[in-house]
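What follows is calculated from the coordinates using simple rules that are stated; it is not laboratory data. The structure displayed is predicted, hence computed values, not measured ones. Cβ atoms come from the backbone with ideal geometry, glycine included; neighbour counts cover every protein chain shown.
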């Protein structure tokens, strides 16, 4: 495996979109290159993993900078999964949130990925806990 380099930087939107496409999420989101660029720009913290110049992993945080942080788009390219890249990205994002004194770090995870996040100390909300999401936002 190529040496992986981690950077606190926003990758090129085209690289991010290519990686995002590997998840299948864009089948329903239909995010354009311009929208993915805006998502990157509006992120509070981004950690990118590169093999040479190829973006192979990313994680990003959206935050108010004081109380809350929400982790989004923890993605590792399929051929680079199960090599510790996701764990490193998550650790780096958590460290940035903690260093900033943020009080709560939340996330949404893809189905079946909860054990990965539990390993880093995250817990699921109880079924009767507050919090909901709009199932299908109107456009």
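Only DSSP H runs of four or more residues enter the estimate; each adds -39500 (n - 2.57), and after division by the residues of the chain the mean residue ellipticity at 222 nm equals -8500 deg cm²/dmol. The ranking of 128, 73 by Cβ neighbour count inside 10 Å, starting from the fewest, reads 128, 73.
Evaluate the relative contact order of the chain (contact order divided by residue number), counting alpha-carbon pairs under 8 angstrom at least 6 apart; express in whole percent. It would help to have the intermediate numbers written out before the result.
Details: 179 pairs, mean separation 28.2, N = 139.
Contact order relative to length: 20 percent.
Label-point separation (nm) for residue 82 and residue 111, each offset 7 Å from Cα along Cα-to-Cβ? It is 2.1 nm. Extending 7 Å from the Cα toward the beta-carbon at both residue 72 and residue 21 defines two label points whose distance is 2.1 nm.
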